[in-house]
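For reference, the structure is listed below as structure tokens.
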Amino acid sequence: DFYIKNVVCVGAEKGIFMRGVPEMNIQNINLEDITIKSKKGVELIEATNVNIKNLHLITEQTDPIIFVENSKQINISGLKLDGDIKELVNISGERTTDISLSGENIKSLKEKSNFVFGAKPSALKIK
């Protein structure tokens, strides 16, 4: 289990990047009170049980802000985004399930979600 709290990052290529492999997902990651200014937002590949609370993202590229591939039990709450959002989230892979997003004005961005490579819209919950 990893717990990381109170982080400010400016100038990264990718704000948050986690990549496991199909036979061994990266898992049990907890991030809280994170502010990131980066070129790209969040990328989670082959991840399980990732909890991100109070994430403020300022990104140059907003297509998508969040990319999730073959991951499950992903919870991003207290999400705050700046700027014109072209695509909120890209969900990829038939093994992707139980993705939850909540935060400021997130519900209004639900239609800016994309599902590819077998991912189902039921995998995503926006609160």
- Query: Stretched out fully, how many nm does the piece from Asp1 to Glu60 gain, at 0.36 nm a residue minus the Cα gap?
  - Reply: 18.2 nm
- Mean accessible surface per residue for the chain, computed with a 1.4 Å probe while every protein chain stays in place, in Å²: 54
- Task: Note down the accessible area of Glu94, probe 1.4 Å, to the nearest 10 Å².
- Result: 140
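If I take every Cα pair under 8 Å that is 6 or more residues apart in the chain, average their sequence separation and divide by the length, what percent do I get for the relative contact order?
Details: 352 pairs, mean separation 23.8, N = 127.
Once divided by the residue count of the chain, the mean separation gives 19 percent.
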- State to the nearest 20 debye the size of the charge dipole of region 33-127 about its Cα centre, where the only charges are +1 on K and R beta carbons and -1 on D and E beta carbons. 240
- Query: Could you name the aspartates and glutamates in cross-link range of Lys112, using Cα to Cα under 16 Å and dropping any fewer than eight places away on the same chain?
  - Reply: Asp63, Asp82, Asp84, Glu87, Glu104
- Query: Ranked by accessible surface with a 1.4 Å probe, highest first, in what order do Arg19, Arg95 come?
  - Reply: Arg19, Arg95
- Note on the structure: Heavy-atom accessible area of the chain with neighbours in place, 1.4 angstrom probe: carbon+sulfur share in percent works out to 49
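Per 0.36 nm of contour for each residue apart, how much would the distance between Val21 and Lys39 grow if the chain were fully extended, relative to their Cα-Cα spacing? Present the calculation step by step, with values, prior to reporting the outcome.
Working: separation 18, 0.36 × 18 = 6.48 nm, distance 2.46 nm.
In short, 4.0 nm is gained.
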- Item | Stokes-Einstein D in µm²/s, Kirkwood radius over Cα pairs - region 70-127 at 20 °C with 1.002 mPa s viscosity | 186
- With N denoting the number of residues in the chain, provide Rg(C-alpha) divided by 2.2 N^0.38 Å, to two decimal places. 0.95
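The values are calculated or read from the model by the stated rules, or taken from the named source; none is laboratory data. Treat the numbers as computed from the prediction; the structure is a model and nothing was measured. In this analysis, Cβ positions are derived from the backbone assuming ideal geometry, glycine residues included, and neighbour counts consider all displayed protein chains. What goes into the accessible areas is simple: the full protein's heavy atoms, side chains included, and nothing from ligands, DNA or RNA. Shrake-Rupley method; radii C 1.70, N 1.55, O 1.52, S 1.80 Å.
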